[in-house]
Structure formats: structure tokens, C-alpha cells
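The next block holds one structure in the form of C-alpha cells; read it before the comments.
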Amino acid sequence: MNRPTLNTALVAVIVLCLGGVAAALVSQYVFEMLPCPWCILQRVIFLAVALLAALALLLPGRRIKQAFAGLGLALAASGIAAAVYQNRVAAQEFSCNLTLADRLIGALGLENAVPFLFRISASCMDAAVDLLGLPYEAWSGLLFLTVGLVLLAGLRAR
């Protein structure tokens, strides 16, 4: 089996990350699954990974591409951590106010800048829903894992 090239992996990561955010928006606006701060933070991380992958594609030189892919890999790991925290801790709490996610979203000013994408609309407990038998944040964590594995494969490519 052929390993993907780094550029192929970067394109796949962009598609996966943007697809994940698109699925979250469909869930929110079509199926009325309102996002909590941890949900929004995961959107931010997916978009940041996609941005790093896009920049890596545009910049010349393999080392620079690898550096950006490595940063994307670190962000994917932070996305897994956010999904696990949301599942194990935040989803059990009545309020997400003043949590790390809430403070980061507020500090970045994202809710006011792009409200259709980053507005926090639910508490963590209220946002705890299942999709096909798995908690929604588990799907997010699995997507972050997939993104990380694709980046890893791209970094190992010749």
C-alpha cells in the first residue's frame, strides 16, 4: 500500500476539518443541536488545523510544510483532549461558564465576530446528545484522531 504524500495528507486534513465543522453547523441549524463552549472550542481547533494545512500547502519547502503539519498534529491532539474533557467532565456539569473553553472563546472575541459559527448557545449538560449511539463529542474526538493519523502518515511520507 502506498503512503500518501505530505501534500495529499494536507488536502485530506483540510477536507476532514472543514467537513467536521460543516457537520456541526448542519447539526446546529437543521437538527437544533445547540453548541456549548467546548463544542465551539473544538470548531475553532478544526478550523485552525485546516488553516495550518492550507498554509503548509501554499508555502515552499518540505521542512516548512512539515513544521506546519506538526503544529496541526499538536492541535489535533488538543482537540482530542477537549473532546475527552467535554465527555468526562463538562457534560456532567450544569454550567460551562468560566471554564477554559468559555474563557478562550470570549478572549478571542469569536462570538461577536462570527456569531453564526461561534455563538455559544447551550450549557454543557444541555448540549450532551448522542448521535448513532455515541456522544457527539466522541465523534469529534474520532475525527481529531483521524486528522492526526492522516497528518502522521503525511509526515512519514517520502
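Numbers for the structure displayed
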read-out: Some residue of the stretch 74-95 being polar (S, T, N, Q), over 17 Å from L145 (Cβ atoms) and either surrounded by fewer than 15 Cβ atoms within 10 Å (Cβ to Cβ) or in contact with a Phe, Trp or Tyr (Cβ under 9 Å, 6 or more places away or on another chain) (or both); value: yes
read-out: Any hit, the stretch 70-79, residues being more than 22 Å from L104 (Cβ to Cβ) and among the hydroxyl-bearing types (S, T, Y); value: no
read-out: Top-ranked residue in the stretch 43-81 [being under 9 Å from the mean Cα position of the chain (by Cα) and β-branched (V, I, T); ranked as farthest from A101 (Cα to Cα)]; value: V49
read-out: Residue in the stretch 54-73 that is aliphatic (A, V, I, L, M), closer than 16 Å to L117 by Cβ and either surrounded by 15 or more Cβ atoms within 10 Å (Cβ to Cβ) or touching a Cys at 6+ places or on another chain (Cβ under 7 Å) (or both) present; value: no
read-out: Test: residue in the stretch 42-60 that is free of Cβ contacts under 8 Å to residues at least 12 places away in the same chain and outside any helix (DSSP H, G or I); value: yes
read-out: Residue within the stretch 28-38 that is out of contact with any Lys or Arg (no Cβ under 7 Å at 6 or more places or on another chain), exposed (fewer than 15 other Cβ atoms within 10 Å of the Cβ), of a type outside the set (A, V, I, L, M, F, W, C) and in a loop (DSSP other than H, G, I, E, B) present; value: yes
read-out: Filtered residue count, the stretch 25-38, keeping only those that are touching a residue at least 40 places away in the same chain (Cβ under 8 Å) and closer than 19 Å to I14 by Cα; value: 1
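Read-outs: derived from the displayed coordinates by stated rules, not from any lab. Given the structure is predicted, the values throughout are model-derived calculations rather than measurements. Because the Cβ atoms are built from the backbone with ideal geometry, glycine has one as well, and the counts that use them run over all protein chains shown.
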